[in-house]
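Undergrad: One structure follows; several queries about it will come next.
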Amino acid sequence: MRINRLTLLRTAAIAVSLCFLQACLETVSTPPAPEHSATVSLGSGSGNEPGSGEDAGAHVPGTAAHDTGHGLTQDPTPPQGDVGGPFGLSQLSSADGEHTYIGDFALAEDCADCHPRQYEELQGSMHSASHHEPFYRAFALLALEEAGEEVYTFCSGCHAPAGVASGLVIAEEGKELPAAATAGVNCDACHQVSKLSGKQGAWGEPGNASLVLDPGDVKFGPLHEVEDPLLHEAEFREYYKSAEFCGSCHNVIHPSSGVRLEHTYAEWEASIYAKKGIVCQDCHMRSVEDAIKVARELKPVVEMGPAAEGGPDRPIYRHYFVGANVNAGFLAHGPKHADMAEARLKSAARLEIQNAARTNDGRRISYEMVVANVAAGHSLPTSFTELREMWVEQTVTSASGRLLYQSGMLDEEGNIEEGSMVFGSHGGDAQGRLTYKAWEVESFIWQRLVPARGEARDIVSVDLPEDISEPVTVKARLLYRSAPPVAIKMVMKDQAFEAKIVEMAVAETVID
Ligand code: HEC
Ligand code: HEC
Ligand code: HEC
Ligand code: HEC
Ligand code: HEC
């Protein structure tokens, strides 16, 4: 027998709001219990700041629209008329709005002699592989097959900007293309940007590759007063130090429904990091250790070194661009990047079991499972949250080792057991059915994210069997994976890989 989710949701919503108002665990009523165990876990929302006590309501997959508790601004309203740029649905453009000459885009290898550090750091990053990596490749080809060339070009605006600007990344896959056209987010995709166009663009905010590419001899960058290097000219642009620059691609807005499919920039903008002037670069262009320090102290870390071989010492930034992709070893030939992503995930959250208690008659225990986002400058998880999954695996056992309750386990297909404490989102198609295909998404049918510096809290209560009078142990693990097996299989068929599961944090407590 399955728990009736709708009943559960309603009961949970009532119980949780009572508890928030009165801080009273005893008011949690126990909904009809499933046969296999007398347990239930109740979902609650989270405020934007720890301890704010703001309740965003219960979150159960398959219900309700937007979660209001995670600090997101509203999705932009689809503008009237043209939502794209000169090259289609993407906002990407060039200085004159015409296709650029592909020969003006260099490869990362062409920069390696004079900028070896940046080159070595970038190799193996998801940026360096954003057009070729097998998961994206298969997903983009599925988009091409099901939604057509226009959508495929939209995807490529961010995943292969030089290809779209030059008009070469078009639907005819298998055609020989110059390497520069399929290079992904490499040096020239970022350093030949002469202007950001998001604020003036159709959506009024960065996103959908709102960049003006102006390839040629000039490399744009963050340095003032650079004497022109021999092989290229250099021009200062303030925005290399801004989150808006990254937001040009890290806000993905559905061109017709206006849903922000990815909203990392918007989440960051609503966070304390934005208020304190801590930008993406302060965490993602720093070592994991430095990024942890930045998150804790809310102050940027400065690093000095040469910007080019033999150049003077200047403030420099690392080019690893590591996030959470622990599959980078296999996807992007970046085993080092995968290790760094794992370390980053392990630094991001804290898991706590609070207010653990047993009723006077000893027949029931209850506790609060709390997930706190301590080091991510945006929600946890962020970005492609229709795929990304974070969840709590928890068990309650008696001193003699008897299993009394568990949730967050995987079934035979690798799906997370229903009713678990899960974070991510579900895209819904026009009929409101779950879809992993980004191009079909018209709304989110479920979303639960932990905002930057915020926390999420579930109240769990477990009825104990009569013969259990000894202490019980609650053990919990916070886990992350980049996509569920069912989605990877849908996209990659017999090439499907298994996304690595990372243990982000653990907690344990004994209730007498
Ligand atoms: C506005 C820029 C943008 C557009 C347009 C875009 N993406 Fe992405 N995509 C991103 C970013 C940024 C990430 C990285 C987010 C993350 O790491 O979770 C990403 C990640 C992905 C991933 C996950 C890769 C992995 O290995 O885990 C897939 C798959 C993907 N995109 C497919 C697509 C498809 C298909 C389209 C078109 C329908 C598309 N994207 C359109 C920016 C974009
Ligand atoms: C022949 C050596 C050489 C090559 C090759 C080279 N650069 Fe440079 N680059 C330099 C030097 C020297 C500087 C200035 C360093 C300084 O003053 O600290 C520089 C500066 C830069 C800057 C900073 C500009 C600013 O104003 O902030 C960027 C960005 C840059 N290069 C990108 C690239 C890219 C991308 C490539 C490959 C397409 C490349 N460079 C190839 C030598 C080179
Ligand atoms: C031209 C578009 C573009 C720009 C500009 C851009 N990104 Fe990305 N970024 C992407 C895409 C596309 C991916 C996903 C590639 C994939 O997984 O296939 C990505 C992935 C990432 C990831 C995830 C890596 C991982 O391990 O999960 C991080 C972190 C990241 N970008 C940070 C940044 C930062 C910081 C900036 C600004 C300095 C930035 N990006 C600017 C397009 C862009
Ligand atoms: C995703 C975008 C992105 C990619 C790809 C990228 N850069 Fe950068 N780069 C930046 C940003 C942003 C900064 C400035 C960070 C700051 O000052 O806050 C920067 C800074 C620099 C600088 C100034 C010195 C330093 O290291 O901070 C140089 C030189 C440079 N990049 C060269 C390169 C070269 C060469 C490549 C390719 C091997 C490359 N970049 C790839 C975004 C990018
Ligand atoms: C205070 C530090 C901090 C800041 C600021 C920050 N991030 Fe992150 N970011 C993290 C940490 C830690 C992770 C790993 C945990 C996670 O997935 O959120 C991460 C993960 C990511 C991921 C990978 C998510 C996934 O599941 O694939 C992307 C993409 C990303 N960040 C982009 C950005 C962008 C773009 C900005 C600026 C708008 C930014 N970050 C600002 C700390 C930061």
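Undergrad: Arrange the peptides 202-215, 236-249, 382-395 so that the one whose residues have, on average, the most other Cβ atoms within 10 Å appears first.
TA: Numbers: 202-215: 24.1, 236-249: 19.6, 382-395: 22.6.
Answer by packing, highest mean first, reads 202-215, 382-395, 236-249.
Undergrad: Okay, moving on. Quick check: residue separation of R296 and K175 times 0.36 nm, minus the Cα distance between them. What number comes out in nm?
TA: Values: separation 121, 0.36 × 121 = 43.56 nm, distance 4.90 nm.
In short, 38.7 nm is gained.
Undergrad: Then there is this: About the Cα centre of region 77-253, how large is the charge dipole given +1 on each Lys and Arg Cβ and -1 on each Asp and Glu Cβ? Please answer in debye to the nearest 20. Present the calculation step by step, with values, prior to reporting the outcome.
TA: Working: 8 positive and 28 negative charges, 108 e Å.
Here the size comes out at about 520 debye.
Undergrad: Something else now. Assign one of three labels to region 77-253, namely rounded, prolate or oblate, based on the Cα gyration tensor with a ≥ b ≥ c the square roots of its eigenvalues; rounded applies when a/c is under 1.5, prolate when it is not and a/b is larger than b/c, and oblate otherwise. Don't skip to the end; give the middle numbers.
TA: On the way: a/c = 1.77, a/b = 1.25, b/c = 1.41.
Oblate, because a/c is 1.5 or more while a/b does not exceed b/c.
Undergrad: If you don't mind, there's one more thing I want to ask. Run through region 427-475 and list the GluC sites (Glu not before Pro) located in a DSSP loop whose Cβ has at most 12 other Cβ atoms within 10 Å.
TA: Details: sites: E440, E442, E455, E466; in loops: E442, E466.
Those that pass, being in a loop and sparsely packed, are E466.
Undergrad: A further question on this structure: Let me spell out the model: positive unit charges on the Cβ of Lys and Arg, negative unit charges on the Cβ of Asp and Glu, origin at the Cα centre of region 404-459. What dipole size does that give, in debye rounded to 20? All intermediate terms of the calculation are to be shown ahead of the outcome.
TA: Values: 5 positive and 10 negative charges, 72 e Å.
For this selection, approximately 340 debye.
Undergrad: Filter the trypsin sites (Lys or Arg not before Pro) in region 110-182 to those in DSSP coil with at most 12 other Cβ atoms within 10 Å of their Cβ, and list the result.
TA: Values: sites: R117, R137, K175; in loops: K175.
Of the trypsin sites (Lys or Arg not before Pro), the ones in loops of region 110-182 whose Cβ has at most 12 other Cβ atoms within 10 Å are K175.
Undergrad: Could I ask something else about it? Give me the distance in nm between label points sitting 7 Å out from Cα along the Cα-to-Cβ direction at T395 and E227, one decimal.
TA: Each label point is offset 7 Å from its Cα along the Cβ direction, giving 6.6 nm.
Undergrad: How would you rank T509, T264, going from fewest to most other Cβ atoms within 10 Å of each one's own Cβ?
TA: Fewest to most other Cβ atoms nearby, the residues stand as T509, T264.
Undergrad: For region 113-204, what class follows from the C-alpha gyration tensor (a ≥ b ≥ c being the square roots of its eigenvalues): rounded when a/c is under 1.5, otherwise prolate if a/b is larger than b/c, else oblate? Before the final figure, lay out the partial values.
TA: On the way: a/c = 1.90, a/b = 1.22, b/c = 1.56.
It is oblate, given that a/c is not under 1.5 and a/b is not larger than b/c.
Undergrad: Still on this structure: D411 versus I272, label points 7 Å from Cα toward the beta carbon: distance in nm?
TA: For D411 paired with I272, the spin-label model returns 4.0 nm.
Undergrad: Right, another one. Classify region 317-396 from the C-alpha gyration tensor, please: rounded if a/c falls under 1.5, else prolate or oblate depending on whether a/b exceeds b/c. Mind showing how you got there, number by number?
TA: Numbers: a/c = 3.21, a/b = 2.76, b/c = 1.17.
Because a/c hits 1.5 or more and a/b exceeds b/c, region 317-396 counts as prolate.
Undergrad: Which order do I468, I488 fall in if you start with the one that has the fewest other Cβ atoms within 10 Å?
TA: Values: I468 16, I488 23.
Taking fewest neighbouring Cβ atoms as first place, the list is I468, I488.
FYI, it's all coordinate maths here, none of it is from the lab. Remember, it's a predicted structure, so these values are computed and weren't measured experimentally. Every residue, glycine among them, receives a Cβ derived from its backbone with ideal geometry; neighbour counts consider all protein chains shown.
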